[in-house]
Amino acid sequence: MQRTQILQTKDMVGETVELFGWVATRRDHGKIIFIDLRDRSGIAQVVFVPQQGDMYATAEKLRPEWVVRIKGLVKARPEKMVNADIPTGKVEIEPQELEVLNEALTPPFALDTDGYEIGEENRMKYRYLDLRRPRLAGNLVIRHKLITFIRNWLDKKEFVEVETPILTKSTPEGARDYVVPSRLYAGKFYALPQSPQQYKQLLMAAGVEKYFQIARCFRDEDTRGDRQPEFTQLDLEMSFVAREDVMALNEVLLIDMIKTVFPEKRIQEIPFPRLTHKEAIEKYQTDRPDLRKDKDDKDLLALCWIIDFPFFEKADELGDSWTFTHNPFSAPKPEAMADLLDKKNIGEILTTQYDVVLNGWEIGGGSIRNHQAEALQAVFEIMGFEKSRIESNFGHMLEAFRLGTPPHGGIAWGLDRIIALLRNEPNIREVIAFPKTGDARDLMMDGPSEISAKQLEELHLKVEKSKG
Ligand code: ASP
């Protein structure tokens, strides 16, 4: 017999089915035992009565989260037993066979609620249980659907997904790197990518022309609020494009994606309004304004673009050095190129950077890049980097730029945040299968953890125990 998904039983009155799943709840009404059987598609009510003999005796032992196989007849529920809240609420199962496939200890917390009421540390320690919750299981499925939509959409537009390395070298993207010690080269380290920025630009040098990747990024920051040490971007880069091209493509992709995967949502304004950085700050005191006209509507989406950011800002309070505001690889707006090359009017240079904001959250950002070596070099010189440091950190980029790199630009979206916002979740941990805690621990695997003396030795490392 073929397994039937529980959801299908809603249209199968009169048929015999074989169901596999978990005991979600058990209710005893006098001698009648009601089991809610759960699989990933839904919940089925199974009714055990004493006349069922041995099977009834087994049913009496069932506890939440036991794994079972149940063969039985799908019947219409008596009128007064219909549950309008669930899709299978008009049917129930009259069992013919019950087999226990695995017993379960009493779970450490309830799984038949939405889970917000449970301490997060506990939920993360037992994440595989937490993920059995329909809300979280639903988040995983929607995440998959959204990523599949993006992949197919970009594939139709002739983008190529390319995997870039995880073991790489430090990039100056503003955050601290996670590093991996090298066994073969004592005292040397790989860095995990903060983003695939340099690789995607080198793919443009390679002639790929249209690249994307569902890319994992790693940033060793003190985990503030909604940040995670590792997170996922839709990363994208295109050759022979201007700012308008990248913005237009992303706007259409966002709209198509929302309309297809989240048809219940309403986009407040299309085309997305555009604000310059200056306008946003003057009008809203932030470069991430929440433009929703009705903040109580959970399905209203106010998307906007922020453009014309200053390229540089003072790096310290003394004001004698400059740093980039967004991305050192950005090109200035065309009319500011002469100033960049002359290192003049630095505070007034505007970048081609564009950010996309959804309901007050920055969900993506990118820019047109410098593709000529002198321009990239000028950025680092403005930031006060010595020639030798520019060569050692970015020599490969400058060299590639001198070997026929086309004009190019791109963007990256924070996918976790987008999914959390579209699912009305309070934070990105709710849409990541195995997130870390606010203090960067994996409570389920118990990471980070110590490694053996032998591993340390192979890696040429000595650990100084902190005092106290
Ligand atoms: N790599 C940039 C980031 O991670 C995005 C981009 O400019 O494409 O923020």
Filtering the range 389-424 down to residues that are more than 16 Å from the ligand (Cβ to nearest atom) and acidic (D, E), which residue is nearest to A215 (Cα to Cα)? E399
Could you grab me the full set of residues in the range 235-294 that are touching a residue at least 12 places away in the same chain (Cβ under 8 Å), of a type in the set (A, V, I, L, M) and out of contact with any Phe, Trp or Tyr (no Cβ under 9 Å at 6 or more places or on another chain)? V241, A242, L249, I258, I267, I270, A280
How many residues are under 15 Å from V23 (Cβ atoms) and without any contact (Cβ under 8 Å) to a residue 40 or more places away in the chain when one looks only at the range 37-55? 1
I'd like to check which strands (runs of 3 or more DSSP E) are fully inside the range 206-309 and have at least 3 residues that are of a type in the set (S, T, N, Q) and either closer than 21 Å to L421 by Cα or away from the ligand (no atom under 16 Å from the Cβ) (or both). none
Restricting to the range 106-139, name every residue that is touching a residue at least 24 places away in the same chain (Cβ under 8 Å) and of a type in the set (A, V, I, L, M). L111, M124, L129, L131, L136, A137
Residues (among the basic types (K, R), at negative phi and touching a residue at least 12 places away in the same chain (Cβ under 8 Å)) located in the range 317-369: K333, R369
Residue within the range 376-388 that is within 16 Å of the ligand (Cβ to nearest atom), within 22 Å of K314 (Cα to Cα) and surrounded by 15 or more Cβ atoms within 10 Å (Cβ to Cβ) present: yes
Check on I166, among the aliphatic types (A, V, I, L, M) and more than 16 Å from the ligand (Cβ to nearest atom): no
Regarding A186, is this residue surrounded by fewer than 20 Cβ atoms within 10 Å (Cβ to Cβ), within 14 Å of the ligand (Cβ to nearest atom), of a type outside the set (D, E) and assigned to a loop (DSSP other than H, G, I, E, B)? no
Candidates A440, A433, filtered to the one that is surrounded by 11 or more Cβ atoms within 10 Å (Cβ to Cβ) and touching a Leu at 6+ places or on another chain (Cβ under 7 Å): A433
Selected residue (criterion: surrounded by the fewest Cβ atoms within 10 Å (Cβ to Cβ)) from residues of the range 131-154 that are touching a strand residue (DSSP E or B) at 6+ places or on another chain (Cβ under 8 Å) and under 21 Å from M257 (Cβ atoms): R151
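Only the coordinates and a few stated rules stand behind these numbers; no lab work does. Predicted model, so just to flag it, every value in this text is computed and none were measured. Ideal geometry is used to build each Cβ from the backbone, glycine not excepted, and the neighbour counts take in all protein chains shown.
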